[in-house]
Amino acid sequence: MKKPLIFIGLLSFCTLLSSIPSPAEATLPPIRVTALKGPTAMGLAAFMDQADQGKLSDPTYDFQILGAVDEAAPMLVRETTDFAAIPANLASVLYNNTQGAIQVLAVNTLGVLYLAERGETISSPEDLRGKTIYASGKGATPEYALRYILSENGIDPEKDVTIEWKSEHTECLSALLSDASGIAMLPQPFVTTAMQKSEDIRIALDLNQAWEELQEDTAASSALITGVVVGRREFILENPEAVENFLTHYQESVEFVNANTEEAAELIGSYDIVPVQVAKEALPACNITFIQGQEMKEKLSGYLKVLLDQNPKAVGGSLPLDDFYYLGEE
């Protein structure tokens, strides 16, 4: 009679052991994700909602939405975040400044720059000749994008137009409202906010579309890119399954956001990324996307080359090497 009791006891003990999580599983910390208010975080809204509702089977996520880009960069350097949605050129700068400690996983936002006017005088880049353009972002990617599009359309940024640089988007809007013939370069969702404030303002040119038109006859097609999602290389190497799960959730979230404007806007507003009403109006023009793999590498490397040609500092002094681009599990 003792043998069966011992057998049953061992079986129960083994069953109990199998139900106890391993030390790694029991202490696995949340995956930390950082993003900036505005378009670069919009595509995360459904992902964040799914995580908050406990609908994801993989490890928990800790999302943090920041108000300024200079808050995000130190978090990557100090290893206090695992993934971050940041401006595309900042990803290159960080790669160069950290000896390749980060990798870009996907493009999450294409161009969000627009030229707005009060009237109906601008329908193509050629119409900008002789005009005054109010813009912010001097010494940063907005300036390089504008100069590239003007130059490639045969318009000398120094002679054929007048660019008046302002420190903030609000100053550009004020200048536009006081100059009936002026043009303002504004990003989404700010341009939508401006149009809500004044019925006289309309979008005259989509710089994303203007960039694409310039690329139609080139051998390697680039894109005007606003934001990317990056990860710390060490985390990526140590957690390949977590990376793939993260990218799957992210892509599904972007698809939901693009297909469900009303519901997505409510989520975006609830996470204080952009006010709900602004999100409803601006989402279709924010160019939220999810591009990874070879296509991501082609478009992003071409974009960074344009910035390098105008100012090497914009990309951290040199173009990133091939290992900058995460192309999936080897």
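A short reminder: the numbers here are calculations on the coordinates, not readings from a lab. Note that the structure is predicted; figures quoted are calculated from it, not measured. Methodologically, a virtual Cβ is constructed for each residue, glycine included, from the backbone with ideal geometry; neighbour enumeration extends over all protein chains shown.
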Which net charge results for the neighbourhood of A279, defined as the other residues with beta-carbon distances under 15 angstrom from its beta-carbon, given Lys and Arg at +1 and Asp and Glu at -1?
-4
About its Cα centre, how strong a charge dipole does the stretch 55-211 have in debye, to the nearest 20, once Lys and Arg get +1 and Asp and Glu get -1 at the Cβ?
40 debye
Can you give me the distance in nm between label points at R202 and K138, each placed 7 Å from the Cα along the Cα-to-Cβ direction?
3.1 nm
Nearest 10, in degrees from 0 to 90: the angle of helix 293-310 to the longest Cα principal axis of the chain is 40 degrees
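Within a 10 angstrom radius of the beta carbon, how do I273, I288 rank from fewest other beta carbons to most?
On the way: I273 24, I288 27.
Ascending number of Cβ neighbours within 10 Å: I273, I288.
Restricting attention to the stretch 196-259, which GluC sites (Glu not before Pro) occupy a DSSP loop and are surrounded by at most 10 other Cβ atoms within 10 Å?
For GluC sites (Glu not before Pro) across the stretch 196-259 that sit outside H, G, I, E and B with at most 10 neighbouring Cβ atoms in 10 Å, the list reads E199, E216.
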Relative contact order for the stretch 137-204: what percent, with Cα pairs under 8 Å and sequence separation of 6 or more?
19 percent
Only one of the listed values, (i) 18.8; (ii) 20.3; (iii) 15.3, was derived from the coordinates as mean projected area of the Cα convex hull in nm²; which label is it?
(ii)
How much length is gained on full extension from S221 to V77, taking 0.36 nm per residue of separation minus their Cα-Cα distance?
48.7 nm
Cα→Cβ-extended label distance, 7 Å offset, between D127 and D156, nm:
2.5 nm
For K305, list the lysines whose Cα falls under 24 Å from its own Cα; do not include residues on the same chain fewer than 8 positions away.
K138, K297, K313
Hey, what did the chain get for relative contact order, percent, Cα under 8 Å, at least 6 apart?
27 percent
Karplus 3J(HN,Hα) series, Hz, for the stretch 238-246 with 6.51 cos²θ - 1.76 cosθ + 1.60 (x for Gly, Pro)
7, 9, x, 5, 5, 5, 5, 5, 4
